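The values are calculated or read from the model by the stated rules, or taken from the named source; none is laboratory data. These figures come from a predicted structure and were not determined experimentally. Cβ coordinates were reconstructed from backbone atoms using ideal geometry, including for glycine residues, and neighbour counts include every protein chain displayed.
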């Protein structure tokens with residue numbers, strides 16, 4: 001299996017949803033490989049997102065004479081995809097393509113190895129992100145900044161709103 | 001009319017007999033009357049005699065009684081005089097002794113009562129003084145206890161009040177901060193556009209990238 005072709009396929013994996021989708025696809029392909037002749041080929045050619053990249057990784061007669069080799073490649077690929085570490089990124093709004101691309105680019109820059117991003121939508125963080133990687137929690141949300149601002153400016157806010165009660 | 005001669009004789013004999021009986025009865029009556037008169041005269045003489053004897057006896061008794069009364073009067077007078085004299089003497093002595101004893105007893109009693117009264121007065125005064133001291137001491141102790149208790153309670157109350165005030169202030173502050181915080185969050189959340197979200201995410205990711213590196 002060519003490393004370049006494999007990296008091309010893995011580059012399509014950005015989020016946990018992508019990983020789940022690819023793993024389901026590889027599983028279906030492996031299952032169908034020995035069951036019905038021609039079925040695996042149909043499944044592979046009809047997957048627009050991963051089909052082309054995956055075909056490039058397989059031997060020429062993968063669905064006829066070289067099924068065993070193809071099966072090994074699919075198994076090894078499945079294991080590698082499962083073993084990819086993930087980073088959790090919490091955001092306040094639904095992820096758009098631009099946001100996903102931002103996160104993907106950030107992941108590529110920030111980490112040496114390939115990482116898959118698990119994006120969770122948490123409106124209570126208001127804005128920004130919360131990153132959780134290797135058990136480390138980094139709160140870079142707007143809600144956190146607002147709370148810290150409130151804590152730092154407690155005295156001033158208290159004076160401004162005059163909350164000191166009268167002597168009882 | 002023919003009468004039987006036998007019957008005639010019988011009748012005449014009967015009449016004669018009856019006359020004889022009648023004469024006998026009359027004679028007997030007369031004798032009885034005489035006897036009665038005799039007895040009556042005896043009775044009167046006896047009564048008269050008895051009365052005379054009675055008069056004599058009464059006279060003698062009266063005379064004797066007069067003599068006895070005269071003697072008795074004489075004795076009585078003497079006795080009375082002696083008795084009066086004795087009584088007077090005895091009375092005088094007894095009165096004197098009685099007065100002396102009475103005076104002595106009175107004085108003794110007065111002294112005793114005075115002493116008793118004084119003793120009682122001393123005891124009562126002493127007891128009263130002790131009681132006063134005890135009451136005063138107890139009052140002072142009670143006042144101290146009450147004062148200490150009052151101070152403790154007051155201090156406790158003051159601490160509770162301070163704590164309560166602190167809690168209230170914290171609660172009010174906390175609530176107000178929370179309200180302000182929530183309002184700010186809502187305001188920020190609603191006020192952020194998609195583009196601003198993207199910018200905030202990009203900025204946060206850059207910041208985290210620096211920290212990760």
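Miscellaneous remarks
- None of B:164, B:177 is at pLDDT 80 or above and part of a helix (DSSP H, G or I) except B:164.
- Restricting the stretch A:82-120 to residues that are more than 12 Å from chain B (Cβ to nearest Cβ) and modelled with pLDDT under 90, the residue that is nearest to residue A:26 (Cα to Cα): A:114
- Residues (buried (at least 22 other Cβ atoms within 10 Å of the Cβ) and without any contact (Cβ under 8 Å) to a residue 24 or more places away in the chain) located in the stretch A:115-142: A:140
- Per-region count, the stretch A:94-148, residues assigned to a strand (DSSP E or B) and on the phi > 0 side of the Ramachandran plot: 1
- Sole residue being modelled with pLDDT of 90 or more and within 7 Å of chain B (Cβ to nearest Cβ), chosen from A:146, A:140, A:77: A:140
- Note on the stretch A:121-137: among residues that are over 19 Å from the mean Cα position of the chain (by Cα) and over 20 Å from residue B:210 (Cα atoms), the one that is farthest from the other protein chains (Cβ to nearest Cβ) is A:125.
- Residue that is nearest to the chain's Cα centre (by Cα), among those in the stretch A:65-88 that are in contact (Cβ under 8 Å) with a residue 24 or more places away in the chain and more than 29 Å from residue A:103 (Cα to Cα): A:73
- Selection count, the stretch A:70-93, where residues are assigned to a strand (DSSP E or B) and more than 17 Å from residue B:203 (Cβ to Cβ): 4
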